[in-house]
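For reference, the structure discussed in these notes is given below.
Nothing in this text is a laboratory measurement; each read-out follows from the coordinates by a stated rule. Owing to the predicted nature of the structure, the values given are computational and were not obtained by experimental measurement. Here the Cβ is made from the backbone with ideal geometry for all residues, glycine too, and neighbour counts use every protein chain on show.
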Amino acid sequence: MRMRTPVLMVLAGLLMVAGCGKNDSNDASKTTSPAATTTASTSAVKPTPDAHPAVRIGSDSDGKAITLTAGQGLVVTLDANPTTGFTWALTDLDQNIVKQNGAAEYEQDPNPDGRVGVGGKSVLNFVAANPGGTRLVLEYKRSWEQGVPPAKTFSVNLTVQ
């Protein structure tokens with residue numbers, strides 16, 4: 001325990017120093033260093049919600065054609081229950097045309113009785129990147145089961161203008 005105490009003290013000191021800066025988000029003179037900008041940048045395409053609101057689709061859109069504008073978001077919400085081992089996996093998409101925007105998120109259905117294993121919705125986000133056409137295919141399967149057909153599939157044909 002003696003060796004850990006100095007390390008903890010140093011870390012606590014660093015946290016205190018980091019928290020001592022001015023935090024005024026309305027200060028127009030505040031600038032960001034080039035290093036901070038470089039480390040925060042990613043190759044992800046950002047949706048443009050002001051110009052074109054995201055298109056939200058669910059299982060009722062299976063097999064349909066969807067048209068997007070470059071920069072527009074696409075939100076796919078499908079029934080899921082990860083407690084069964086099943087998850088929605090992306091199996092086909094030309095990411096030069098439409099990119100997946102982050103990992104899938106899970107939203108549990110309301111559970112007033114506190115039951116275990118209640119299902120919910122899997123939410124997957126995409127962004128239209130470049131003009132063209134591609135097919136989005138998702139499969140509901142267990143990752144460890146090889147050679148087993150998926151329990152469900154979902155697909156839409158996407159056109160980006």
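Listed values for region 149-160 are Karplus-derived 3J(HN,Hα) couplings in whole Hz (6.51 cos²θ - 1.76 cosθ + 1.60, θ = phi - 60°), namely x, x, 5, 8, 10, 9, 8, 9, 8, 10, 10, 10, and x replaces Gly and Pro.
Placing a pseudo-label 7 Å from each Cα along the Cα-to-Cβ vector at T159 and V137 gives an inter-label distance of 2.1 nm.
For region 92-155, the set of GluC sites (Glu not before Pro) satisfying both a DSSP loop assignment and a count of at most 16 other C-beta atoms within 10 Å is given as E145.
If I stretch the segment between L90 and T67 completely, what's the gain in nm (0.36 nm per residue apart, minus their alpha carbon distance), one decimal?
6.4 nm
On a full-extension model of 0.36 nm per residue, what is the gain between E107 and D60, subtracting their alpha-carbon distance, rounded to one decimal in nm?
Using 0.36 nm per residue and subtracting the Cα-Cα distance, I get 15.1 nm.
Please compute the modelled spin-label separation between Q146 and T83, points set 7 Å along Cα→Cβ, answer in nm with one decimal. Label at T83, label at Q146, 3.0 nm between them.
Take the Kirkwood radius over Cα pairs of region 48-98, plug it into Stokes-Einstein at 37 °C and 0.692 mPa s, and you get 253 µm²/s for translational diffusion. The residues packed around S61, meaning those with a beta-carbon under 15 Å from its beta-carbon, carry a net charge of +2 if Lys and Arg are +1 and Asp and Glu are -1.
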